[in-house]
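Have a look at the structure below before the remarks.
What follows is calculated from the coordinates using simple rules that are stated; it is not laboratory data. Note that the structure is a prediction, hence the values are computed from the model and not measured.
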């Protein structure tokens, strides 16, 4: 009789996939993810850059980050944004990353389809 609840629990995990949860900025995962993406942001910025990750969330071993990059154009802070998709093994590794002013929403949806991620993992509200 104990096998029934276990089987039901396994089925629910498979049917609904991993939950999407926010990653806290000061957490070990949050710090490791920012450490992984900051060099990329600095290479794509003509000015000193701090990555203010507005959205960091994960589902299972996958993480998604959205960051506005005011350092790409200090005169127009909305001119650049960065999105990144990372996978955790021993460390967080960048699988996809992009910097731009437009088209990032579509790219996030393509990543979800390409890697079979839970819908909404690569979504954010810029602001």
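Tabulated data
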quantity	calculated
Contour minus Cα-Cα distance for residue 28 and residue 47 (0.36 nm per residue)	4.1 nm
Dimensionless Rg over Rh [region 18-114; C-alpha; Kirkwood]	0.95
